[in-house]
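The values are calculated or read from the model by the stated rules, or taken from the named source; none is laboratory data. All values reported here derive from a predicted model rather than from experimental measurement. Every residue, glycine as well, gets a Cβ built from its backbone with ideal geometry; the counts of neighbours run over all protein chains shown. In case anyone asks, the SASA skips ligands and DNA or RNA and just uses the protein heavy atoms, side chains included. Shrake-Rupley method; radii C 1.70, N 1.55, O 1.52, S 1.80 Å.
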Amino acid sequence: MKNNKKIMILLTSAILTLSFVGCSSKSQTVSKDSDGALKAFNAIVKANPKSKGYHSALKHWGFKLPANDKFEWTKDTSANKIDFAMVIDADPLIKAGLDVKKLDPNKWVYKPAEIEGGVQLSNRIIFPFNVSDKKETSNGSEDAFRRILEQDPKLIKYMEDEKHYALMLGEGNSVHFTENLGASDEDMEFVFKAEPLIKAGLDVTKLQGTGFKLEVAGKDNMDSKDDQLVKGYKLK
């Protein structure tokens, strides 16, 4: 009987151990950098709970940024072709010469001002990015972000010099966010490849007041092969 009890205790202990391992693994992604990025991004959202919202029609979580901008991520990568989105106020760039009709409609979306849910929205330019069409069933904003990162280890890059994580959205476009909130001058950044916007009429000599700055490849940004337009955000 004693031996049977010992076996039962060992089996119970093993089951509990596996259960805890299973629970803890849910918070992990596909790489150390992705795990760190998930932790850092969740900390930013938790520190700014009033900035987070959910768009049921798009099945998107959204995080409001200063200057009428927003970062969005999907609840389910099979819901539509936009799994991540950088949303920016279009008017400052239009005043600087941007012709939204000249933007590639396969890579950019222009949304005119409208009232949505009783809220007045400005003219917006949206840069969408599709990760996959995999069916996901997520539970909350944190789980949704984790599930997207799990699908591709190349989505996240850690920037040692800036202590920022970069969410890579293809062709020189990315979202940067700080490893530790408040540790740097800018907690989040939207980074766009400059060439498509310049070809659409944007005059980079008129960026003052837009919130954007031009970073020249090999000069202002040694890690990029393309000139980039960068807009930074300071959060609480």
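Among the residues making up region 36-48, those that are in a helix (DSSP H, G or I) and either open to solvent by less than 30 Å² (accessible area, probe 1.4 Å) or touching a strand residue (DSSP E or B) at 6+ places or on another chain (Cβ under 8 Å) (or both) are GLY36, ALA37, LEU38, ALA40, PHE41, ASN42, ILE44, VAL45.
Residues that are open to solvent by 30 Å² or more (accessible area, probe 1.4 Å), in contact with a strand residue (DSSP E or B) (Cβ under 8 Å, 6 or more places away or on another chain), of a type in the set (A, V, I, L, M) and assigned to a strand (DSSP E or B) within region 100-131 comprise VAL109, ILE115, LEU121, listed in sequence order. Flag: ALA166 matches the condition of being within 13 Å of the chain's Cα centre (by Cα) and of a type in the set (A, V, I, L, M). Contact annotation: residue pairs with Cβ atoms under 6 Å, 6 or more positions apart or on different chains, pairing a residue in region 209-231 that is touching a residue at least 12 places away in the same chain (Cβ under 8 Å) with a partner that is polar (S, T, N, Q) and not in a loop (DSSP other than H, G, I, E, B), are GLU215/ASN221; GLU215/GLN228. Figure legend. Inter-residue proximity from region 39-55: first residues in contact (Cβ under 8 Å) with a residue 12 or more places away in the chain, second residues part of a helix (DSSP H, G or I) and open to solvent by 50 Å² or more (accessible area, probe 1.4 Å), beta-carbon distance below 6 Å, spacing 6+ or different chains. Indicated pairs: ASN42/GLU142. In region 82-99 there is no residue that is open to solvent by 80 Å² or more (accessible area, probe 1.4 Å), in contact (Cβ under 8 Å) with a residue 12 or more places away in the chain, part of a loop (DSSP other than H, G, I, E, B) and β-branched (Val, Ile, Thr).
Scanning region 63-81 for residues that are over 17 Å from the mean Cα position of the chain (by Cα) and either within 16 Å of LEU149 (Cβ to Cβ) or part of a strand (DSSP E or B) (or both) yields nothing.
Per-residue answers, yes or no, for (1) modelled with pLDDT of 90 or more; (2) in a helix (DSSP H, G or I):
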{"site": "LYS5", "(1), (2)": "no, yes"}
{"site": "THR17", "(1), (2)": "no, yes"}
{"site": "VAL21", "(1), (2)": "no, yes"}
{"site": "GLN28", "(1), (2)": "no, no"}
{"site": "SER34", "(1), (2)": "yes, yes"}
{"site": "LYS50", "(1), (2)": "yes, yes"}
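Within region 143-168, residues that are farther than 12 Å from PHE84 by Cβ reach partners that are among the small types (Gly, Ala, Ser) and open to solvent by 70 Å² or more (accessible area, probe 1.4 Å) with beta carbons closer than 8 Å, at six or more positions or on different chains, in the pairs LYS163/ALA183.
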